[in-house]
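Take a look at the structure below.
The values are calculated or read from the model by the stated rules, or taken from the named source; none is laboratory data. Quantities reported herein were computed from a predicted structural model and do not represent experimental measurements. Note: ideal-geometry Cβ built from the backbone for every residue, glycine included; neighbour counts use all protein chains shown.
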């Protein structure tokens, strides 16, 4: 089975990459963030980042650091024959990245210019949280880069250290698709 994990900074294009791999290359794309949003809604909570971070840490404590990878894999197993492989996004904890690698997966780190990313998140308006100042955006990113001292919390810098492929996404969607294809052909994932 081919499995790809996607990690990166907020607004860098992680979901866009998952959609590219699903639409153009036959992968099943599963968003771990969707699991967290669904859980927040079940609990009657907002889908703000802080709520999702709290739920993800709670689940990692209860079910293990790779819980979101396991949940995505369970969905994939139900219809695996229809797909070339599985794409999971986002990887936000080093334990998730490690679990992905234990399953034979490849980890892609996606980034983009800070101003480009800020423009993307304020444009998408997924929640009221996307209406933040540039300073709030920077502070939030800094908070997600390092563990808070608890291994179940987010650590994007720890995930980045485990990445196999690094992609910049500052151009068009087609340029991003081509860069992705070039990088993944080198790993035999396409």
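Against the condition modelled with pLDDT of 95 or more, more than 19 Å from residue 161 (Cβ to Cβ), in contact with a helix residue (DSSP H, G or I) (Cβ under 8 Å, 6 or more places away or on another chain) and surrounded by fewer than 24 Cβ atoms within 10 Å (Cβ to Cβ), how does residue 47 come out, does it pass?
So residue 47 fails the test.
Under 7 Å between Cβ atoms, at least 6 apart or on separate chains: pull out the pairs that start in the range 102-115 with a residue that is free of Cβ contacts under 8 Å to residues at least 60 places away in the same chain and end on any residue that is surrounded by 14 or more Cβ atoms within 10 Å (Cβ to Cβ) and assigned to a loop (DSSP other than H, G, I, E, B).
Short answer, once both residue conditions are applied: 113/170.
Which members of the range 51-97 meet the condition of being within 18 Å of residue 141 (Cβ to Cβ) and over 16 Å from the mean Cα position of the chain (by Cα)?
Once the filter is applied, which keeps residues that are within 18 Å of residue 141 (Cβ to Cβ) and over 16 Å from the mean Cα position of the chain (by Cα), the range 51-97 yields 51, 54.
How many residues does the range 174-190 contain that are exposed (fewer than 13 other Cβ atoms within 10 Å of the Cβ) and closer than 20 Å to residue 120 by Cα?
Going through the range 174-190 one residue at a time, the tally reaches 2.
Checking the conditions here, which among 71, 101, 123 is surrounded by fewer than 14 Cβ atoms within 10 Å (Cβ to Cβ) and part of a helix (DSSP H, G or I)?
Details: 71 fails: surrounded by fewer than 14 Cβ atoms within 10 Å (Cβ to Cβ); 101 fails: surrounded by fewer than 14 Cβ atoms within 10 Å (Cβ to Cβ).
The unique qualifying residue is 123.
If you check 32, 11, which single one turns out to be modelled with pLDDT under 95 and more than 22 Å from residue 168 (Cβ to Cβ)?
Numbers: 11 fails: more than 22 Å from residue 168 (Cβ to Cβ).
Exactly one residue qualifies, and that residue is 32.
Consider residue 107 against the criteria (1) at pLDDT below 95; (2) buried (at least 18 other Cβ atoms within 10 Å of the Cβ): it satisfies all of them except one. Which criterion is unmet?
Looking at each condition in turn, residue 107 falls short on (1).
Inspect the range 151-167 for any residue being farther than 17 Å from residue 91 by Cα and without any contact (Cβ under 8 Å) to a residue 40 or more places away in the chain and give the result as yes or no. Quick ask: steps written out before the conclusion?
First, pick out the residues of the range 151-167 that are farther than 17 Å from residue 91 by Cα: none.
Checked the range 151-167: no residue is farther than 17 Å from residue 91 by Cα and without any contact (Cβ under 8 Å) to a residue 40 or more places away in the chain.
Tell me, please, whether a residue that is surrounded by 15 or more Cβ atoms within 10 Å (Cβ to Cβ), in contact with a helix residue (DSSP H, G or I) (Cβ under 8 Å, 6 or more places away or on another chain), in a strand (DSSP E or B) and without any contact (Cβ under 8 Å) to a residue 60 or more places away in the chain can be found in the range 29-41.
yes
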